[in-house]
Amino acid sequence: MTNDKKPLVYIAGKITGDENYKQKFDDAEKLLLDKGFNPVNPTKLCDPKWTYKKQMRKCLLALMDCDTIYLLDDWMYSKGATAERYVAISLGLKTIHGYDLSYLK
């Protein structure tokens, strides 16, 4: 957790093959900021020129510092987001689903 006590929330969802992934992740980041969380947007962590393996290493390291994972509606169509969800569950992180915004009061 950060010094200002706002939970760190990692955003996970489909990136590969989605032309609008940046907008989708940016929208989720804004929603989480507006709700008082500290979002971790993986689209801002990695260089698109990096290999998939290098990007996943960077993202998984960031995820491990988080308190919660926020799963976008399409997470299950992404092998990376599926792996991130598995790691989050293994670490006991809270899970928020994109369709369940009642948690974000």
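If you fit an axis through the alpha-carbon atoms of helix 79-91 and take the longest principal axis of the Cα set of the chain, what angle between them do you get, 0 to 90°, nearest 10?
Value to nearest ten degrees: 40.
Give the residue from Tyr52, Val87, Phe25 lying farthest towards the positive end of the charge dipole for segment 8-98; charges sit on Cβ (+1 for Lys and Arg, -1 for Asp and Glu) and the dipole is referred to the Cα centre.
Tyr52
Note down the magnitude of the dipole of segment 8-98 about its Cα centre, charges +1 on Lys and Arg C-beta and -1 on Asp and Glu C-beta and zero elsewhere, to the nearest 20 debye. Could you put the intermediate results ahead of the total?
Details: 14 positive and 12 negative charges, 77 e Å.
Roughly 380 debye, rounded to the nearest 20.
What is the packing order of peptides 62-70, 30-38, taking the mean over residues of other C-beta atoms within 10 Å and listing the highest first? If you can, show how the numbers build up before the last one.
Working: 62-70: 19.2, 30-38: 15.4.
Top of the packing list down: 62-70, 30-38.
How would you rank Met56, Met76, going from fewest to most other Cβ atoms within 10 Å of each one's own Cβ? Mind dumping the intermediate values first?
On the way: Met56 18, Met76 12.
Arranged by neighbour count, lowest to highest, Met56, Met76 become Met76, Met56.
Multiplying the sequence separation of His97 and Asp27 by 0.36 nm and subtracting their Cα-Cα distance, what value in nm do you get?
Numbers: separation 70, 0.36 × 70 = 25.20 nm, distance 1.45 nm.
Stretched out fully, the His97 to Asp27 stretch lengthens by 23.8 nm.
Applying 1/(1 + (r/R0)^6) with R0 = 25 Å to the Cβ-Cβ distance of Asp18 and Leu61, what FRET efficiency is obtained, to the nearest 0.05? Walk me through the numbers on the way to the answer.
Values: r = 23 Å, r/R0 = 0.92.
Step by step, r from the Cβ atoms, then E = 0.60.
Rounded if a/c is under 1.5, else prolate if a/b is larger than b/c, else oblate: which is segment 1-59, with a ≥ b ≥ c the root eigenvalues of its Cα gyration tensor? Intermediate results must be reported in sequence, preceding the final value.
Working: a/c = 3.13, a/b = 1.52, b/c = 2.06.
Oblate is the answer for segment 1-59, as a/c is 1.5 or above yet b/c matches or exceeds a/b.
In nanometres, what is the gap between the two model label sites at Trp50 and Lys79, each 7 Å from Cα along Cα-to-Cβ?
It is 1.8 nm.
Expressed as a rounded percentage, what relative contact order does the chain have, with Cα pairs under 8 Å and six or more residues apart?
Details: 148 pairs, mean separation 35.6, N = 105.
After rounding, I find 34 percent.
Could you list Thr82, Thr43, Thr51 so that the one with the fewest beta carbons within 10 Å of its beta carbon is first and the one with the most is last? Provide the component values of the computation, followed by the final result.
Working: Thr82 15, Thr43 19, Thr51 8.
Starting with the residue having the fewest Cβ neighbours, the order is Thr51, Thr82, Thr43.
Expressed in whole Å with the largest first, what are the equivalent ellipsoid semi-axes of segment 38-78 derived from the C-alpha gyration tensor as the square root of 5 times each eigenvalue? Don't skip to the end; give the middle numbers.
On the way: eigenvalues 60, 38, 17 Å².
In descending order, the three semi-axes are 17, 14, 9 Å.
What does the helix-only formula give at 222 nm for the chain: each DSSP H stretch with n ≥ 4 adding -39500 (n - 2.57), the total divided by the residues, and the result rounded to the nearest 500 deg cm²/dmol? Present the calculation step by step, with values, prior to reporting the outcome.
On the way: 3 runs with 40 residues, N = 105.
Calculated at 222 nm, the ellipticity per residue is -12000 deg cm²/dmol.
Give the order of Ile11, Ile89, Ile96 when sorted by the count of other beta carbons within 10 angstrom, beginning with the fewest.
Numbers: Ile11 29, Ile89 11, Ile96 20.
Lowest to highest Cβ neighbour count: Ile89, Ile96, Ile11.
Write down Rg/Rh for the chain, rounded to two decimals, with Rg from the C-alpha atoms and Rh from the Kirkwood relation over Cα pairs. Don't jump to the answer; show the numbers that get you there.
On the way: Rg = 12.7 Å, Rh = 13.6 Å.
Radius of gyration over Kirkwood radius for the chain works out to 0.93.
Using only Cα atoms, find the angle between the long axis of helix 21-34 and the longest principal axis of the chain, and express it within 0 to 90 degrees, rounded to the nearest 10.
For 21-34 against the chain, the angle is about 10 degrees.
Here, each number is a calculation from the coordinates, and none is a lab measurement. Remember, predicted model here, so these are calculated numbers, not experimental data. When we count neighbours, we look across all protein chains shown, and the Cβ atoms used for this are built from the backbone with ideal geometry, even at glycine.
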